[in-house]
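In what follows, a single structure is set out as structure tokens and then discussed.
Bear in mind that the values in this text are calculations on the coordinates, not laboratory data. In this text the structure is predicted, and so the values were computed from the model without any measurement. Cβ atoms come from the backbone with ideal geometry, glycine included; neighbour counts cover every protein chain shown.
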Amino acid sequence: MSDHPTGLSPATLAVVAGRPPRAQGGAVNPPIPLNSTYVSQGAVPPGELAYARADTDAWHGFEDALAALEGASERGIVFGSGMAAIAAALSLLPASPEAGGTLVLPRHAYQTTRGYTAELVARQGVTARAVDIADTGDVVAALDGADLLLVESPTNPMLEVADLPALLAAARERGVRTVVDNTFATPLGQRPLELGADLVLHSVSKYLAGHSDVILGAVVTDDAGLAELVRAHRTLHGSIAGPFEVWLALRGLRTLPLRFERACENAVELAQRLSRHPGVAEVRHPSLPGDPGHARASAHMDAYGAIIGVRPARAPGRTPAEAADDVVSRCGLWVPATSLGGVESLIERRRRWATEAETVPEDLLRLSVGTEDVEDLWADLDRALRSAVGA
Ligand SMILES: *Cc1c(COP(=O)(O)O)cnc(C)c1O
């Protein structure tokens, strides 16, 4: 679709990819085409539009731009949510009530990914091996006889960093397909296809769209055969995205490099200050030299990301959950809400969800750092943490 020069950097691709061809009097941005059907008779050749559940030009600008950012040779495949993208990716697993396929996934994968996996185990005969994704030996051992490795890195919400190059190479050697949920890192933080992943997926609802106003997902791949299967899954299940949501996501994607850079800078600064704060017992952010994920993130990622894990200090007479809830309720700028990756900073105690993994600490606060002025963010957080412990 785009006719821009080659060899551009990601910050430029985010701006120029997925635009209509340059033409005198032509539009700079793609339109929002509202069509369920297209004029068509006889056999439909590949690539021709016929019915908008199967394909529509409403998706192409975003799909092309995301593929450009991930360095994919195939057009991206947009879905109605991140979960729809995950369901499509996991449909590559063999399924049968007697002997379904074997999936290796992080024990601290996104909670609804874990919920969906439990469903595959209960109803499709799938075997799930939950591993510590940061423990390379553990993961590689689990790959024997497996069909699919799903990697999340950093994990949501524990921020464990996988040795992505090593895991993808080990899976490839063993003929195990690989899917990387790249929601936390974004293509600006890491490009798993370049490291050998078969599929990359996103919850577009987070950083890519970036304004907490849409739910969308996407899959990208270099493999034409896999793209065909994933696209067929979308068509058969009808897990499609609406034209306006996709237009918003493309509009959001234009500023991803600016938003993500600012959010990551803010997160690095806040993580450092939090690690010296009297109201804080533990901070997780891969930028911190003492963080278990620091060396790996420094080696293979281009950014440390903008999610921070914080466990507040315990106040006497309070349970860990109460202490953390108290911090959240004392914030005035940080918004108490789930989700992440928007311009506004969010704070949430993850175990308030009954479906969150039990190995996630009761008092873990997930901070999604936004693009506000870092001093305003700090003032609000510092006050909330201090007043919660009476410091
Ligand atoms: C939010 C999220 C998802 C699910 O995406 P939705 O768009 O909410 O369906 C999947 N993976 C990760 C890491 C997420 O944060």
Between segment 177-238 and segment 30-52, the alpha-carbon center distance in angstrom: 24
Sparse-neighbourhood loop sites, GluC sites (Glu not before Pro) in segment 318-391 - DSSP loop, at most 11 other Cβ within 10 angstrom: Glu358
Total charge dipole magnitude, the chain, about the Cα centre, Cβ charges on Lys, Arg, Asp, Glu only, Debye to nearest 20: 480
GNM result for the chain, Cα springs below 10 Å: residue of Gly101, Gly317, Gly25 fluctuating most strongly: Gly25
Glu344 paired with Val28, simple spin-label distance in nm, labels 7 Å along Cα-to-beta-carbon: 2.8
Candidates Ile77, Ile307, Ile32: whichever shows maximal mean-square fluctuation once the chain is modelled as a Gaussian network with Cα springs under 10 Å: Ile32
For Ser239, net neighbour charge (Lys/Arg +1, Asp/Glu -1) across residues whose Cβ lies under 12 Å away: +3
Segment 1-143: C-alpha gyration tensor shape, a/c 1.5 cut-off, then a/b vs b/c: oblate
Amide H contacts under 5 Å for Thr183, placed H, 5+ residues apart: Ser203
Candidates Leu365, Leu149, Leu93, ranked by Gaussian network fluctuation over the chain, Cα under 10 Å, top entry: Leu93
Förster radius 41 Å - calculated FRET efficiency between Ala141 and Thr355, Cβ distance, rounded to 0.05: 0.90
On Cα atoms only, tilt of 111-124 relative to the major axis of the chain in degrees: 60
Point-to-point label distance, Asp376-Glu48, nm (Cα→Cβ direction, 7 Å offset): 5.4
Segment 261-303 shape via C-alpha gyration tensor axes, a/c threshold 1.5: oblate
Degrees separating the helix 224-237 axis from the principal Cα axis of the chain, which is the longest one: 80
Residue order, fewest to most surrounding Cβ atoms within 10 angstrom, among Trp247, Trp59: Trp247, Trp59
Shape of segment 167-311, Cα gyration tensor, a/c cut at 1.5: oblate
Whole-angstrom gap from segment 58-92 to segment 280-302, using each part's C-alpha centre: 29
Helix 374-389 axis, angle to the chain major axis (alpha carbon atoms, nearest 10°): 50
Long-range HN-HN contacts of Arg129 with modeled amide H, under 5 Å: Leu103, Val104, Leu105
Pairwise FRET efficiency - Glu228 versus Glu98, Cβ, R0 = 30 Å, nearest 0.05: 0.65
